[in-house]
Every structure is written in structure tokens, then in C-alpha cells.
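The values are calculated or read from the model by the stated rules, or taken from the named source; none is laboratory data. Source: prediction; values computed, not measured. Neighbour counts are summed over all protein chains in view; Cβ atoms, including those assigned to glycine, are modelled from backbone coordinates with ideal geometry. Surface accessibility is based on the protein's heavy atoms, side chains included, excluding ligands, DNA and RNA. Shrake-Rupley method; radii C 1.70, N 1.55, O 1.52, S 1.80 Å.
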Amino acid sequence: MADIVDPVIADYLVAHSTPADDVLRELAAETRARFPGPSGMQVSQDEGALLTLLVRLTGARQAVEVGTFTGYSAICIARGLAEGGRLLCCDVSEEFTGLARDAWKRAGLAERIELRIAPALETLRSLPGEPVLDFAFIDADKPGYPGYYEELVRRLRPGGLIVLDNVLQGGDIVNPSSTRPNVPAMRALNDLVTADPRVESVMLPVRDGVTLARKK
């Protein structure tokens, strides 16, 4: 988790956002215990609350997540879906998503979420080409973002929303001397979204940066 916002302010924001319930708190704790190194990939409480709210605001029924990790963000998205909604999760790790499956059952969402273990581009390209998706969240390998974005925006209905995480790269996105390997890929992605005439977008300083791109 990057401190784009002052940590004291970040704590205040969390304290004044919808709190996580027992399932999410337990999942966050179990993720830290079992995967202490990668646990920073998990979305925070306030970002999770934002995802749920955005899904509800769009009235989404068909959603896709690229990069599921241990399932926290998937719970947040699935909870916001309209009645009968479905979430397709794309990931490549059986180990991480094993924890996710257990959490989805505890949350009563297992029937609402489909998980496909395969390279995400393969999964996305196998979907119907029609614009039927309402919502998408991308939080996976950064060099893959442009490809995921393109496959998803083509399948997004007018008024649908794509949310892209980690777009500020710990602030290094504006550091010309940064050596972080993901920074060039994210700069290219950010420029791509800004110039895309198919969407209107805004970048927000939420945690490590979140971009919202709405299909026109």
C-alpha cells in the first residue's frame, strides 16, 4: 500500500468509510498471516467500499475482475451487483484463490462468482464480443493492463465502468528517474486511457491511484 495520501489522513478516511464486516476482516487477517509478502496486493477497506458503491451506482449485473488474489475485492464487487448479477474472476494462482473460494462461501457469494484459472487475456478473448459487461476491475500484472483494458472496453456497454488500480505506482509515475519496472507500463496505460475517445475518465488519489473509465 503506497502512502500517496498522508497516513494520518488515510486512517481518517478509513474511519469515515463504510466499515468492513467480519468476513472481510477475517479474510484480510488470514491473507496477512498466510501470505505476508504478497498481502500488500489486497485492496484496502476504503477501496473495497468504493468498489461496492461504484457497482451499485452503475446498476451492474455482469462484472469481470482481472486479478483476484485472495478474493477481498471480488466480495466487494459481488455484493454490489444487482439481483441475479454475476462476477467472472480471472487469475492464475490456485494457491491464492483457494483462500478466496473459502471466503466467498462464508460471505454467501459462491454462487454469484465464477473463477477461471488461466491467463486473463485468454479468458477475456473467449468471452462474447458483444458489449454486455457493466463493470470491470483490473488489478493484475501491470504490463498486461493495456491488453486487458482493450478486451474489456470493447465488451463494455455504454455507461459501463472500468476501474483500474495502482495507476500512480507509489508516486513514481511522475518520477522520471524511477527504476521500478512497472512504471513505464503504467505510464503507457494512463496515456492510453486519457486519449481513448470511447471513454470519459478520471484518476483519483485513492491508495495507490485508481482510474475510473466510463464507456460513452
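So if I check each of G98, G129, G144, which one is small (G, A, S), touching a Pro at 6+ places or on another chain (Cβ under 9 Å), open to solvent by 10 Å² or more (accessible area, probe 1.4 Å) and at negative phi?
Criteria check complete, one pass: G144.
Condition first: out of contact with any strand residue (DSSP E or B) (no Cβ under 7 Å at 6 or more places or on another chain) and open to solvent by 10 Å² or more (accessible area, probe 1.4 Å). Now tell me which residues in region 60-93 satisfy that.
Answer for region 60-93, where residues must be out of contact with any strand residue (DSSP E or B) (no Cβ under 7 Å at 6 or more places or on another chain) and open to solvent by 10 Å² or more (accessible area, probe 1.4 Å): F69, Y72, R79, A82, E83, G84, S93.
Are any residues in region 1-32 of a type in the set (V, I, T), over 20 Å from G98 (Cβ atoms) and open to solvent by less than 50 Å² (accessible area, probe 1.4 Å), and if so, which ones?
Residues satisfying the conditions are V5, V14.
Taking the conditions exactly as written (modelled with pLDDT of 95 or more, within 18 Å of the chain's Cα centre (by Cα) and part of a loop (DSSP other than H, G, I, E, B)), does A140 satisfy them or not?
Yes: the conditions hold for A140.
Hand me the list of helices (runs of 4 or more DSSP H) wholly inside region 1-65 holding 3 or more residues that are more than 30 Å from A82 (Cβ to Cβ) and in contact with a helix residue (DSSP H, G or I) (Cβ under 7 Å, 6 or more places away or on another chain).
none
Confirm whether V43 is modelled with pLDDT under 95 and either over 22 Å from V210 (Cβ atoms) or in contact with an Asp or Glu (Cβ under 9 Å, 6 or more places away or on another chain) (or both).
The answer is yes for V43.
For region 87-115, name all the residues that are assigned to a loop (DSSP other than H, G, I, E, B), under 21 Å from I138 (Cβ atoms) and not charged (D, E, K, R).
Hits for region 87-115 are V92, S93, L109.
Which residues, counting only those in region 175-216, are in a helix (DSSP H, G or I) and either modelled with pLDDT under 90 or open to solvent by 70 Å² or more (accessible area, probe 1.4 Å) (or both)?
P184, R187, D191, T194, A195
Starting from region 177-199, keep only residues that are farther than 15 Å from V167 by Cα and basic (K, R), then list their pairs with residues that are in a helix (DSSP H, G or I) and modelled with pLDDT of 95 or more whose Cβ atoms are within a distance under 9 Å, requiring at least 6 positions of separation or different chains.
Close Cβ pairs (under 9 Å, with a partner that is in a helix (DSSP H, G or I) and modelled with pLDDT of 95 or more) amount to R198/V153; R198/R154.
Taking the options L133, L99, L115, L127, name whichever one is under 14 Å from G67 (Cβ atoms), touching a residue at least 24 places away in the same chain (Cβ under 8 Å) and hydrophobic (A, V, I, L, M, F, W, C).
Result of the check over L133, L99, L115, L127: L115.
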